[in-house]
Amino acid sequence: MDVVIRNANLADGQHGVDVAIEQGRIAAVGPRLPLQAAQEIDAAGDLLTAPFVDAHFHMDATLSYGLPRVNASGTLLEGIALWGELKPHLTQQALIERALQYCDWAVARGLLAIRSHVDICDDRLLAVEALLEVKRLVAPYLDLQLVAFPQDGVLRAPNALINLKRAIAMGVDVVGGIPHFERTMAEGAESVRILCEYAADQGLMVDMHCDESDDPLSRHIETLAYQSNRLGLHGRVAGSHLTSMHSMDNYYVSKLLPLIREAGVAAIANPLINITLQGRHDSYPKRRGMTRVPELLAAGIPVAFGHDCVMDPWYSLGSGDMLEVAHMGLHVAQMTGQDAMRECFRAVTATPAAILGLEGYGVAPGCHADLVLLDAADPVEAIRLRAARRLVMRRGKIIAESPRAHARLDLPGRPEHVNFRLGR
Ligand SMILES: [Zn+2]
């Protein structure tokens, strides 16, 4: 064996497990494996997990905060306007450099797979070219999946459908959309039909920004589910945001959830962004705006949490830490039950891995030896502490390490120094 990791806890609740690795894949998982390895790692009862996965991100905009100016109001609409001001000034090289810097942050946080939307409304497709280059450069250590995203509306913006098809022909993986941003509800529904038919024809996955609105009558998720079902796209379609569902009438939602389930459509909530951008037209009481995560899960619909933005026109914070995303999702959705908290951990690991269709993901024999060892005993503690990533492994090789979170106190009136692991 090349590597054996001893005495780890797994996210499914197993304790004291050894994981053996050979030629970049997991060869065996079990208690006290009787084998020798070139490298032995003592997990010491910490949580060993498959990597974090971000199902929803915008890598063409990331780390552009302050270019050409900051979002003074902090609103979604000023963010979209600001992105429009920035686009003509983007250079390919600067975009690649910012994306690569973000990927470094991601790897350090154990985030090894990202689905990023890329805006295709610019006829030059400069961001598409740049992110395809980034995808090639990071492939040895990070899976980057790209979505052709018509930010200004596939029907509303000139050439957007042509550009979207050009982007797919260049190698972009997934068909995107933004029906609530089209000029009318009818055009929004039409955009969903056109894009889903195109995806079905091309054998592609679909991931739309869908109903990122507080308008309870924004019901494009209904159309997305209908078209997915009609075209047989089960398991290949995701609805991102779905924030209008927060404001919908309960009776209507009781009809909607089974339709989403029937169509095999997954949901992607973006807790950090939804809680900051939605409810802005409200006085009080003020809506939270995140979609109905526990209710979607109870209906058998997979729900992932995405980061969406880090230091860009829409959001001035963020660090690539999917535990911060899970932490916010848990709070906003009030998912404080024991199973619900563990589900929040799955929403940034196994669930988005399935939505992206990642091959060989997991902690089981035959899976890629892509692993993260956390400074925490279990998924709930990992979320509580936003635990340090003791090590991050890709194909059996350590690619990032961080020290445990540790404090040494020297307090007046206390004769001895106090040493402890933070929060544990
Ligand atoms: Zn987004």
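Quantify, in whole percent, the carbon and sulfur part of the accessible surface of the chain (1.4 Å probe; protein heavy atoms only).
Values: 9080 of 17090 Å².
Percent of accessible area from carbon and sulfur atoms in the chain: 53.
Using only Cα atoms, find the angle between the long axis of helix 126-138 and the longest principal axis of the chain, and express it within 0 to 90 degrees, rounded to the nearest 10.
Here the helix axis deviates by roughly 20 degrees.
Any lysines with Cα under 28 Å of the LYS135 Cα? List them, leaving off those in the same chain fewer than 8 positions away.
List returned: LYS87, LYS165, LYS397.
If DNA, RNA and ligands are ignored and the probe is 1.4 Å, what is the ranking of TRP105, TRP314, TRP83 by accessible area, most exposed first?
On the way: TRP105 80, TRP314 30, TRP83 10 Å².
Per-residue accessible area, sorted high to low, gives TRP105, TRP314, TRP83.
Under 15 Å from the Cα of LYS286, which aspartates and glutamates turn up, not counting those fewer than eight places away in the same chain?
Those aspartates and glutamates meeting the cut-off are ASP214, ASP215.
Just to confirm, what accessible area per residue do you get for the range 52-356 at 1.4 Å probe, in whole Å²?
Details: 11120 Å² over 305 residues.
I get 36 Å² per residue for the range 52-356.
Evaluate the charge dipole of the range 306-348 about its Cα centre and quote only its size in Debye, nearest 20, assuming +1 on the Cβ of each Lys and Arg and -1 on the Cβ of each Asp and Glu. Can you show the working numbers first?
Details: 2 positive and 6 negative charges, 26 e Å.
Charge dipole of the range 306-348: 120 debye, to the nearest 20.
Return the tail of the calculated pair distribution for the chain, meaning the percent of Cα-Cα pairs more than 34 Å apart.
Numbers: 28034 of 89676 pairs.
Distances greater than 34 Å cover 31 percent of the Cα pairs.
Going highest first, how would you order 415-422, 172-179 by mean Cβ packing within 10 Å?
Values: 415-422: 9.6, 172-179: 26.5.
Top of the packing list down: 172-179, 415-422.
The values are calculated or read from the model by the stated rules, or taken from the named source; none is laboratory data. As the structure is a prediction and not an experimental result, all values here were calculated from the model. Heads up, the Cβs are rebuilt from the backbone with ideal geometry, glycines too, and the neighbour counts pull from every protein chain shown. What goes into the accessible areas is simple: the full protein's heavy atoms, side chains included, and nothing from ligands, DNA or RNA. Shrake-Rupley method; radii C 1.70, N 1.55, O 1.52, S 1.80 Å.
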